[in-house]
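Scroll down for the structure; my scribbles are underneath it.
Only the coordinates and a few stated rules stand behind these numbers; no lab work does. The model shown is predicted, which means the values in this text are computed figures rather than measured ones. Glycine gets a Cβ as well: all are built from the backbone with ideal geometry, and neighbour counts include every protein chain shown.
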Amino acid sequence: METIVIPLSKTKIALRAGGSVLFVLLGYFLLTTVGAEKTGIWAAFVKGTGVACMLFFGATTVYAVKKMFDKNAGLIIDNQGITDNTHASSIGLIKWEDITEIRMAQVMSSRFLLIYMPNYTAILEKYTGIRRKIMEQNMKTYGTPVSITTDTLNCQLDDLVKLIGEKMTEAKKPKGTR
């Protein structure tokens with residue numbers, strides 16, 4: 001099987017970073033302008049929203065800037081499996097023999113690929129912090145901790161699903177058959 005390398009899309013990542021910066025500025029505006037003039041529950045809500053925007057989107061800005069300078073491929077598909085480097089909860093190499101099924105899912109306008117495997121608890125045990133929390137939430141929602149998005153890749157999801165399906169079928173064929 002040939003090795004397929006799908007690069008990260010620096011343009012998509014830069015657009016996400018720009019959007020995150022705008023939300024950081026919105027949070028700052030809410031905190032310093034809208035929430036500063038009033039008191040009470042509404043002002044506390046506005047200030048809290050401003051702080052939450054600044055923290056969350058500040059973190060996503062830092063992550064996006066880090067990803068813009070990431071020299072690693074976004075996704076590598078080879079005879080070992082799929083090596084994922086697409087987002088914060090990526091787990092690296094997912095071996096073909098560990099994959100039982102792939103499915104597409106969609107939440108609002110975001111579409112992504114779900115990868116099912118029987119030994120997901122071993123994967124969860126390897127991680128801590130925010131990565132583990134994201135994976136646990138994926139597990140509760142979709143029945144698998146592993147998802148791949150094309151939001152940071154230089155490809156379309158439909159093409160990726162077709163490609164991975166073909167390569168998985170090829171990799172799981174008994175040796176010596178065509």
> For Gln106, what charge total do you get from the other residues with a beta carbon under 15 Å from its beta carbon, if Lys and Arg give +1 and Asp and Glu give -1?
Replying inline: 0
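I'd like the FRET efficiency for Phe56 and Ala105, computed as 1/(1 + (r/R0)^6) with the beta carbon distance as r and R0 of 35 Å, rounded to 0.05.
Working: r = 23 Å, r/R0 = 0.65.
Working from the Cβ atoms, E equals 0.95.
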>> Using only DSSP helix segments of four residues or longer, with each worth -39500 (n - 2.57), what per-residue ellipticity at 222 nm results for the chain after dividing by its residue count and rounding to 500?
In response: -16000 deg cm²/dmol
>> Here are a few candidate values for P(r) over Cα pairs in 10 Å bins from 0, in percent: [x] 10, 38, 35, 13, 4, 1; [y] 9, 30, 31, 17, 9, 3, 1, 0; [z] 11, 43, 38, 8, 1. Which one was actually calculated from the structure I just gave you?
In response: [y]
> Using the alpha-carbon centroid of each, what span in Å lies between the range 33-76 and the range 118-147?
Replying inline: 24 Å
> In degrees from 0 to 90, rounded to the nearest 10, what is the angle of the helix 157-172 Cα long axis to the longest principal axis of the chain?
Replying inline: 30 degrees
>> Please compute the length gained on full extension between Thr32 and Glu125, using 0.36 nm multiplied by the number of residues separating them and subtracting their Cα-Cα distance.
In response: 29.3 nm
> Highest GNM mean-square fluctuation, the chain, Cα pairs closer than 10 Å: which of Gly18, Gly129, Gly74?
Replying inline: Gly129
> How big is the charge dipole of the chain about its Cα centre, in debye rounded to the nearest 20, if each Lys and Arg gets +1 on its Cβ and each Asp and Glu gets -1 on its Cβ?
Replying inline: 180 debye
>> Connecting C-alpha atoms closer than 10 Å in a GNM of the chain, tell me which of Glu125, Glu166, Glu136 has the biggest fluctuation.
In response: Glu125
> Which residue, Asp98, Asp159, Asp151, tops the fluctuation ranking in a GNM of the chain built on C-alpha contacts under 10 Å?
Replying inline: Asp159
> Quick one: putting +1 on the C-beta of Lys and Arg, -1 on the C-beta of Asp and Glu, what dipole do you get for the range 113-178 around its Cα centre, in Debye to the nearest 20?
Replying inline: 320 debye
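Quick check on the range 75-172: take the gyration tensor over C-alpha atoms, sort the square-rooted eigenvalues as a ≥ b ≥ c, and tell me if it's rounded (a/c under 1.5), prolate or oblate. Mind dumping the intermediate values first?
Working: a/c = 1.58, a/b = 1.18, b/c = 1.34.
In terms of gyration-tensor shape, oblate.
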> For helix 41-68, what angle does its Cα long axis make with the longest principal axis of the chain, in degrees from 0 to 90 and rounded to 10?
Replying inline: 40 degrees
